[in-house]
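Remarks on the structure that follows.
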Amino acid sequence: MKRLSALKYISVSIVIALVMLSMAKRLMLSIDTALQGGVEKTGKLVMIDPGHGGSDPGAVSKNGTKESELNMRVSLYLAEYLMSYGYDVVLTRGTNTDIIGADTGLSTAERKQKIAQSGCDLLVSVHMNIFSDRNVSGAEVLYYSKSVQSFALARAVQNSFVMNLDKNNKRQIKANDDLFVLKSCDAPSVLVECGYISNAIEEAKLVTPEYQRRVAYAICCGITTYFNSDNV
């Protein structure tokens, strides 16, 4: 039984690795298209921070779903959408096993430095939620309260979550001044909680590529709405 369990774990790990590699290759094709002049550039640089990664899986559901892996998948789809809209994109990590090329991940200080030095026009940190009450669900957005622009960005992304994912989502944007990833960026920044992997129904959706794309598209639409608004 132990041998079968080990083989099953290895097989699942290989599948996940192949999926991530495929997504990364598609992202590189999108970059090539943009570089060849196929997309009208906006002149805006968006930094995407796929939360956790490396040895830090983030939240883990009772089914073994790792937050860091979902964060990475949604982030790669988001990068693809943003580049198709003409944005320049940089990610804090490119796979689920490295952050800026480091297998063990970055320290908090190093991650803060990367964000601060990016020169981005906007930062979005991608995460999944978990809670003891398994009935709780819904995507929500956190922002740094001392930034008026971050408030406007959070509102635009949350509205897009409602429009594109769940019109019955009653969750509101929340100010959080303790998150270093938001305080480390001079540009407007938000942390998006794409859903609760502790909720069986929402987890079942979040693990599918189709829904991951929907989440990424919703974030992209929110970002575009923000940049096109009078708040910028």
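Each value in this text was obtained by applying a stated rule to the coordinates, not by laboratory testing. Small disclaimer: the values here were computed from a predicted structure and weren't measured.
Within straight-line reach of Lys174, meaning a Cα separation under 17 Å, sit the following aspartates and glutamates at least 8 residues removed in sequence or on another chain: Glu140, Glu193. Using the Karplus relation 6.51 cos²θ - 1.76 cosθ + 1.60 with θ = phi - 60°, the per-residue 3J(HN,Hα) values for the stretch 137-150 come to 8, x, 7, 8, 10, 10, 9, 8, 5, 7, 10, 5, 5, 5 Hz, with x marking Gly and Pro.
Listed by chain and number, the aspartates and glutamates whose alpha-carbon sits under 12 Å from that of Lys44, ignoring those within fewer than 8 places in the same chain, are Asp88, Asp121. For the pairs Lys112/Lys167; Lys41/Lys62; Lys41/Lys112, flag any whose C-alpha to C-alpha distance is greater than 32 Å. Pairs exceeding the cut-off: Lys112/Lys167; Lys41/Lys62.
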